[in-house]
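Presented below is the structure to which this report refers.
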Amino acid sequence: MNPESPRLTFGLVAAPDESKAAAAFDALAKWVAAEAEVTLERVPAPTYEALATSVREGKSDLAWLPPVVFARIAEGVTALGSIVRAGRTSYAAALVVSEESKVVTMADLQGLRAGWVDPWSAAGFVVPRIELAALGLDPATTFRSEKFYGSHREVLHAMARGECDVAGTFARSPDGSGEMATEGAWTEEDHKVRVIATFGPIPTDVIAVRRNLAPEDFERALAALRKASEASSAHDLVRAVFGGDKLQEGVEPGHETLRRAYERAVANDLFD
């Protein structure tokens with residue numbers, strides 16, 4: 001990286017495999033420094049809430065914001081673009097059980113141990129909880145216990161170890177709704193699961209800058225985003241960091257719908 005180029009900090013949720021994630025980010029940052037003349041410094045956060053705090057406190061100039069984090073701090077950031085995965089800017093939530101489980105329908109969830117990703121994870125907690133309540137299944141009384149495992153990978157590992165009976169995670173389908181989902185976090189980890197229910201669509205993650213970022217740094221960040229998204233030489237680097245094909249400018253309309261649904265659920269004490 002060019003030590004004389006403008007420096008911007010980039011916040012994101014720490015990955016389960018931090019060394020691999022850091023190496024991928026460093027490779028992309030090296031490309032950005034050479035092609036866009038901006039030095040990016042990775043700032044990993046241990047939780048979704050910690051990521052939001054990092055942006056609010058100005059420790060992160062840019063950030064990779066999952067949907068609920070974006071909903072929580074939307075007034076304090078300016079979105080640059082959305083992450084496109086497999087040509088889609090939406091995905092879904094799924095409730096899954098192990099392939100050997102006797103659980104088949106939503107009615108079978110009563111008394112099970114639920115495993116979740118994070119209190120601010122859209123697919124891994126928030127959306128399933130909202131949809132369960134809408135179906136008349138109070139999560140507080142439906143499940144015998146609930147526990148957070150920090151990532152989609154870890155909650156699936158926990159279910160495989162027998163620590164929970166059902167897991168909330170993300171799913172993908174050809175139309176982005178999650179219906180007839182054939183892949184998700186479980187396919188990435190080669191877990192054999194049965195999908196009990198899917199909920200969606202959920203708008204994809206957002207790349208944003210803090211609202212009080214200097215105008216010249218905003219322009220630098222936007223230019224770097226555009227170059228990395230458009231250059232074929234950066235395609236594999238973008239995929240390695242974000243798990244997507246490119247970064248599409250703008251924000252998907254579904255974010256406002258998700259924000260309103262989340263705020264109603266909070267007001268109705270669905271989340272502690």
Q: Of the conditions (1) closer than 21 Å to Leu65 by Cβ; (2) buried (at least 24 other Cβ atoms within 10 Å of the Cβ); (3) free of Cβ contacts under 8 Å to residues at least 60 places away in the same chain, Gly115 clears all except one; give me its number.
A: (1)
Q: Tell me, yes or no, whether the range 133-147 has at least one residue that is touching a Ser or Thr at 6+ places or on another chain (Cβ under 7 Å) and not small (Gly, Ala, Ser).
A: no
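Yes or no, residue by residue, for (1) within 19 Å of the chain's Cα centre (by Cα); (2) within 22 Å of Gly87 (Cβ to Cβ); (3) surrounded by 20 or more Cβ atoms within 10 Å (Cβ to Cβ):
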| site | (1), (2), (3) |
| --- | --- |
| Arg172 | yes, yes, yes |
| Asp205 | yes, yes, yes |
| Glu230 | no, yes, no |
| Tyr262 | yes, no, yes |
Q: Output yes when any residue across the range 38-50 is surrounded by 15 or more Cβ atoms within 10 Å (Cβ to Cβ) and closer than 19 Å to His255 by Cα, and no when none is.
A: yes
Q) How do the strands (runs of 3 or more DSSP E) wholly within the range 168-266 filter down when requiring 2 or more residues that are hydrophobic (A, V, I, L, M, F, W, C): which remain? A) 193-203, 206-210
(Q) Please verify whether Ser98 is of a type in the set (S, T, N, Q), surrounded by 18 or more Cβ atoms within 10 Å (Cβ to Cβ) and assigned by TED's automatic domain parsing to the domain that holds Glu219, treating the condition exactly as stated. (A) no
Q: Could you check how many residues of the range 1-30 are more than 22 Å from Arg220 (Cα to Cα), of a type in the set (A, V, I, L, M) and in a loop (DSSP other than H, G, I, E, B)?
A: 2
Q.
Condition check: exposed (fewer than 13 other Cβ atoms within 10 Å of the Cβ), of a type outside the set (Asp, Glu) and not assigned by TED's automatic domain parsing to the domain that holds Glu18. Does Asn212 satisfy that?
A. no
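The values are calculated or read from the model by the stated rules, or taken from the named source; none is laboratory data. Bear in mind that the values here come from a model prediction, so they are computed numbers and not experimental data. Note that we place each Cβ from the backbone using ideal geometry, even for glycine, and neighbour counts take in every protein chain shown.
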